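Read the structure below first, then the notes.
The values are calculated or read from the model by the stated rules, or taken from the named source; none is laboratory data. Treat the numbers as computed from the prediction; the structure is a model and nothing was measured. As a convention, Cβ positions derive from the backbone with ideal geometry for all residues, glycine included, and neighbour counts pool all protein chains shown.
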Amino acid sequence: MSNTYVYSITQDNPETIYINLTNKCTNNCVFCIRNLKNPIKGKDLWLENEDVTFEEIKTQLEKYSNYKEVVFCGYGEPTIKLDLLKDVSKYLKSKNAGIKIRINTNGQGNLINSKNIIPELKGIVDEISVSLNASNNQAYMEISGCKNENAYESVKDFIKQSVENGFETTATVVTGYKNYDVDVEECENITKQAGAKFRVREWLDKGY
Ligand code: SF4
């Protein structure tokens, strides 16, 4: 365990860096990498505590100087720490207006925060990648390990609203994990109806 909030997965000073805001998540996906493999590419993303501050993230960002893209993605759901996410994104945009910022999310941010968070991300986030995971509610609950019966509809709505609000939006599914059968065609239809891009992530032994 270490408080690794900012990390990279390629060379020391890469163009893309990642921010690990939290280990909390409203899902418990069957294929969640944090339960299957740690560290990933040498990074242990389990945090000692959840008390991360803006200042600590700022300090860890200073290790990098070459980045052009920042992705909120770690061992948890970033919209659980919405205010911090917004503060960090604003800071990054103020330093470099051209920087590209993406959130990798389970799409439950509106449920988690009990409000529509999408308008709050305008101007500080460019791209939103949402784990759609399944083509219907039953399959979603099984794969995502989510306890909230309203989650699947909310995720689909989140994808739609993200597109409507002008974010570059991608919906993703993971295929090939054990005997979990994902109806890729139907997931693609749902995604197309929402107007988002669709991405299949194939499960490999080392992850996806
Ligand atoms: S949404 Fe992401 S962090 Fe949460 S359990 Fe699923 S794979 Fe893991």
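Overview of results
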{"item": "Yes/no for T10 being in a loop (DSSP other than H, G, I, E, B) and surrounded by 19 or more Cβ atoms within 10 Å (Cβ to Cβ)", "result": "no"}
{"item": "Check on S129, hydroxyl-bearing (S, T, Y), exposed (fewer than 14 other Cβ atoms within 10 Å of the Cβ) and either modelled with pLDDT of 95 or more or within 16 Å of the ligand (Cβ to nearest atom) (or both)", "result": "no"}
{"item": "Residue count, segment 187-197 (criterion: over 20 Å from K100 (Cβ atoms) and surrounded by 14 or more Cβ atoms within 10 Å (Cβ to Cβ))", "result": "5"}
{"item": "Hits in segment 157-176 (condition: more than 18 Å from N106 (Cα to Cα) and crowded, with 18+ Cβ neighbours inside 10 Å)", "result": "none"}
{"item": "In segment 93-114, the residues that are more than 11 Å from the ligand (Cβ to nearest atom) and either surrounded by fewer than 17 Cβ atoms within 10 Å (Cβ to Cβ) or part of a strand (DSSP E or B) (or both)", "result": "S94, K95, N96, A97, G98, I99, K100, I101, R102, I103, N113, S114"}
{"item": "Tally, over segment 115-126, of residues that are touching a helix residue (DSSP H, G or I) at 6+ places or on another chain (Cβ under 8 Å) and either without any contact (Cβ under 8 Å) to a residue 12 or more places away in the chain or surrounded by fewer than 22 Cβ atoms within 10 Å (Cβ to Cβ) (or both)", "result": "7"}
{"item": "Qualifying residue in segment 42-51 (condition: within 24 Å of Y177 (Cβ to Cβ), touching a strand residue (DSSP E or B) at 6+ places or on another chain (Cβ under 6 Å) and not in a loop (DSSP other than H, G, I, E, B))", "result": "yes"}
{"item": "Unmet criterion (only one of (1) of a type outside the set (S, T, Y); (2) in contact with a Lys or Arg (Cβ under 8 Å, 6 or more places away or on another chain); (3) modelled with pLDDT under 95) for I80", "result": "(3)"}
{"item": "Complete set of residues in segment 15-51 that are farther than 20 Å from N106 by Cα, within 16 Å of the ligand (Cβ to nearest atom) and touching a Phe, Trp or Tyr at 6+ places or on another chain (Cβ under 8 Å)", "result": "N38, K43"}
